[in-house]
1. Right, GLU76: surrounded by 13 or more Cβ atoms within 10 Å (Cβ to Cβ), within 17 Å of the chain's Cα centre (by Cα) and farther than 27 Å from MET1 by Cα or not?
2. Of all residues in the stretch 89-139, which are in contact (Cβ under 8 Å) with a residue 60 or more places away in the chain and either among the small types (Gly, Ala, Ser) or assigned to a strand (DSSP E or B) (or both)?
3. Does the stretch 47-74 hold any residues that are of a type in the set (Asp, Glu) and over 28 Å from PHE110 (Cα atoms), and which are they?
4. Take the stretch 115-152 and flag every residue that is touching a Ser or Thr at 6+ places or on another chain (Cβ under 6 Å) and modelled with pLDDT under 90.
5. Surrounded by 15 or more Cβ atoms within 10 Å (Cβ to Cβ) and in contact (Cβ under 8 Å) with a residue 12 or more places away in the chain, is that true of GLU69?
6. Anything in the stretch 29-51 that is modelled with pLDDT of 85 or more and loosely packed, with under 13 Cβ neighbours inside 10 Å? List them, or say none.
7. From the list ARG16, ARG20, ARG30, ARG86, pick out the single residue that is in a helix (DSSP H, G or I), over 30 Å from ASP131 (Cα atoms) and either in contact (Cβ under 8 Å) with a residue 40 or more places away in the chain or not hydrophobic (A, V, I, L, M, F, W, C) (or both).
8. Suppose we filter the stretch 33-73 for residues that are assigned to a helix (DSSP H, G or I), charged (D, E, K, R) and under 24 Å from the mean Cα position of the chain (by Cα); how many remain?
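The values are calculated or read from the model by the stated rules, or taken from the named source; none is laboratory data. Here the structure is a predicted model, which means the values were calculated and not measured. Neighbour counts are summed over all protein chains in view; Cβ atoms, including those assigned to glycine, are modelled from backbone coordinates with ideal geometry.
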Amino acid sequence: MTPTEIRERLNILAQRVGPRAEITCHMTVRSIYSEGVSFMVWPDGVGGKGNTVSGGSALEWADAMLNVETKWAQVEEAHNETLIQRMAEKIMQLTFQHGTCTEGALRIDFGQPEIDRFGEAAASRANAVADKGPFSIVKDGPGNSPPEDTEAEAD
């Protein structure tokens, strides 16, 4: 595998993992422990809340890549369930504190891709576990960008 091919595959994996994912590769030679190439996945960044996934070590880049992709596939569902539960708890907290839960408020703790992918499931989970709902996520625009029709109004 070329460095470009490795980077492309790691970018695809990082998109599956989430917006804060960090993936590192490491090559070890002449070590008393092991030799080869390995990858590490930190779903919430280095030092984040998610569990670190180690792809193990292999002598070839392609084998190491397959190892880390396989390891992530083994924990991906559990990771997503944990993320949905954390998001559901945050939706309930924000709703109790502010009367509503907006995407903007959720973006403090979750990336927009996570909200887009898991928000509906998290709101459903919040409604299933708490009786003070209904809980939902209110769309509130594109973050810090001005509304799309601002230029039209200025004309």
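1. Answer is no for this residue.
2. Selection gives GLY111 alone.
3. Across the stretch 47-74, the qualifying residues are GLU60, ASP63.
4. Step one: filter the stretch 115-152 for residues touching a Ser or Thr at 6+ places or on another chain (Cβ under 6 Å), giving 123, 135, 138, 140.
Correct list: ASP140 only.
5. Values: surrounded by 15 or more Cβ atoms within 10 Å (Cβ to Cβ): yes; in contact (Cβ under 8 Å) with a residue 12 or more places away in the chain: yes.
So GLU69 passes the test.
6. Within the stretch 29-51, VAL29, VAL46 meet the criteria.
7. The unique qualifying residue is ARG16.
8. From the stretch 33-73, those assigned to a helix (DSSP H, G or I) are 61-73; that's our starting set.
From what's left, charged (D, E, K, R): 63, 69, 71.
Those still in the list that are under 24 Å from the mean Cα position of the chain (by Cα) too: 69, 71.
Count: 2.
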